[in-house]
Number of protein chains: 2
Amino acid sequence: MGKGTGSVPRVLVPMSEGFEEIEAVSVIDILRRAKITVVTAGVQGRLPTGSRGVAIACDSLLTDELERSFDAIVLPGGPGTASLVEHEGLRAALRRHAAEGALVAAICAAPWVLHVAGLLAGRKVACFPSVEDRLDGATIVYEEVVRDGQLITSRGAGTAIPFALALVAELAGEQVAREVGQSIIFRAG
Amino acid sequence: MGKGTGSVPRVLVPMSEGFEEIEAVSVIDILRRAKITVVTAGVQGRLPTGSRGVAIACDSLLTDELERSFDAIVLPGGPGTASLVEHEGLRAALRRHAAEGALVAAICAAPWVLHVAGLLAGRKVACFPSVEDRLDGATIVYEEVVRDGQLITSRGAGTAIPFALALVAELAGEQVAREVGQSIIFRAG
């Protein structure tokens, strides 16, 4: 893991057609502000279009990243979550990372992917209201960001910044997370 | 203007190389959730890269939009603001829109563009701390979002969601802004 080892943490962000733009971009932007390496990986192609029509150029294709190891895999939500749920290679990569102690994180509808990968039984989870019923065996918590071991989850686009800052706190330390929060004037008042 | 007329409001978002990703995407995403038409217009080309390396495909080029009329022009910040400041055609379009009663809005460093366009004298403004000294004649207000007539300004990436929701409130009404805020689970707790 990045924290404390001196190495630069590496994070994978899978991006499918229909990803939620604020959720994806808040994670990418804020982690890069914290000097964390973020690899954006398109599921269907290298220029996926989000749920509100914003197309983002990705660094690579998900299929080229699934055999690699990251300090974290972070899943944005949105209608594109359905493609992530169906992606057998991604589910396997998530299980492998969880087993190896990497951070696994998801926001909005994307905790559903972790459920289907078998990673949420008995865990505390935040998610978008519409997917609560799909997460059998998990305990839904109504907080902006919920941490349970190496699992971090969050509720929706409106909680994407605290979600991203929680990832920074884990990967780069609390002090860096505070500095990044200040640099974007988050909850300054 | 869109509010009350039944027509769909149209908003121009100029995107230069080095735009701040969270600021641009929060505005685009949240306005589109409110059924507002958003035209993203690249300054140097149609695939500008933001300040944290995220390249976004724009709808058109800024030069092709400057003669048109919009209900609002919204400027994201970031290091790309310097290109907006130098853009004579954009400054003229901002002055014309302000004179015609359209909404003019800017976040982070971008109120600097409005200052250079001559639109901030005697106005209340929120901005990123680093540009405060450049806004001679304006009154800096330390709130997330500041409204002064048809001018709406905000402080940074961490205030982009309330900024976008304030734009929705003006262009589509308070009720729509509340609904969009709820749909993204913004400050639900």
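We did not get these values from a lab; they are worked out from the coordinates using the rules stated. All of these numbers come straight from a predicted model, not from anything done at the bench. Here the Cβ positions follow ideal geometry from the backbone for every residue, glycine too, while neighbour counts run over all protein chains shown.
A few points about this structure:
- Taking the conditions (1) surrounded by 24 or more Cβ atoms within 10 Å (Cβ to Cβ); (2) without any contact (Cβ under 8 Å) to a residue 12 or more places away in the chain in turn, residue B:31 satisfies each one other than (2).
- Any hit, region A:79-97, residues being crowded, with 21+ Cβ neighbours inside 10 Å, within 14 Å of chain B (Cβ to nearest Cβ) and more than 12 Å from the chain's Cα centre (by Cα): yes
- Scanning region A:120-132 for residues that are among the aliphatic types (A, V, I, L, M) and surrounded by fewer than 22 Cβ atoms within 10 Å (Cβ to Cβ), we see that the one that is farthest from the other protein chains (Cβ to nearest Cβ) is A:121.
- All positions within region A:133-165 that are farther than 22 Å from residue A:96 by Cα, surrounded by fewer than 21 Cβ atoms within 10 Å (Cβ to Cβ) and in contact (Cβ under 8 Å) with a residue 40 or more places away in the chain: none
- Qualifying residue in region B:179-189 (condition: without any contact (Cβ under 8 Å) to a residue 24 or more places away in the chain, buried (at least 20 other Cβ atoms within 10 Å of the Cβ) and on the phi < 0 side of the Ramachandran plot): yes
- Of everything in region B:4-23 that is more than 8 Å from chain A (Cβ to nearest Cβ) and among the β-branched types (Val, Ile, Thr), the residue that is farthest from residue B:169 (Cα to Cα) is B:13.
- Subset of region A:24-60 [under 16 Å from residue B:23 (Cβ atoms) and more than 9 Å from chain B (Cβ to nearest Cβ)]: A:27
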